[in-house]
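This report refers to the structure that appears directly beneath it.
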Amino acid sequence: MTGQEGRRRVVALVSGSVQGVGYRWFVRGRAAAAGLAGSATNLPDGRVEVVLEGPDAAVTAVLADLQGPRAPGAVTGVDVRDVPVEGGTGFTTA
């Protein structure tokens, strides 16, 4: 869902061997370079939850990077859903 002024917010659940391999820091770097807000969080089931918010084109580009050739670990799937834009700032990892 695109929202305010061409902005988009998504939640992506990334599956595979993505914990303990620097995946969250990779996402943080890509998001920072694109000027996006959000977070990357390890989940108890071994997935990483990625939240990205910002200009639609930048969100789309970082989503493509989540399972691209430079992504650490071994991504087996990315389930993306659009959520309402919240106007978030900054990026956190947990």
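Every number here is computed from the coordinates shown, using simple stated rules; none is lab data. Source: prediction; values computed, not measured. With ideal geometry, Cβ positions are generated from the backbone for all residues, glycine too; neighbour counts draw on all protein chains shown.
Things to note:
- Angle between the chain longest axis and helix 56-65 axis [Cα atoms, degrees, rounded to 10]: 10 degrees
- Per residue, the average separation of C-alpha pairs within less than 8 Å and at least 6 apart gives the chain a relative contact order of 45 percent.
- Global form of the chain, assessed from the alpha-carbon gyration tensor, a/c cut-off 1.5: prolate
- Distant-in-sequence amide H partners of Gly16 (H built 1.01 Å from N, under 5 Å): Thr76
- Separation of the Thr41 and Thr89 label points, Cα + 7 Å toward Cβ, nm: 2.1 nm
- Share, in percent, of DSSP beta bridges within the chain that are antiparallel, nearest 5: 90 percent
- Shape category assigned to the stretch 1-40 from the gyration tensor of Cα positions, a/c cut at 1.5: oblate
- Cut-off under 5 Å, modelled amide H: who pairs with Gly88 long-range: none
- Nitroxide proxy distance, nm - points 7 Å out along Cα→Cβ at Val21 and Asp82: 3.0 nm
- Packing rank of 49-55, 29-35, where each peptide gets the mean count of other beta carbons within 10 Å, highest leading: 49-55, 29-35
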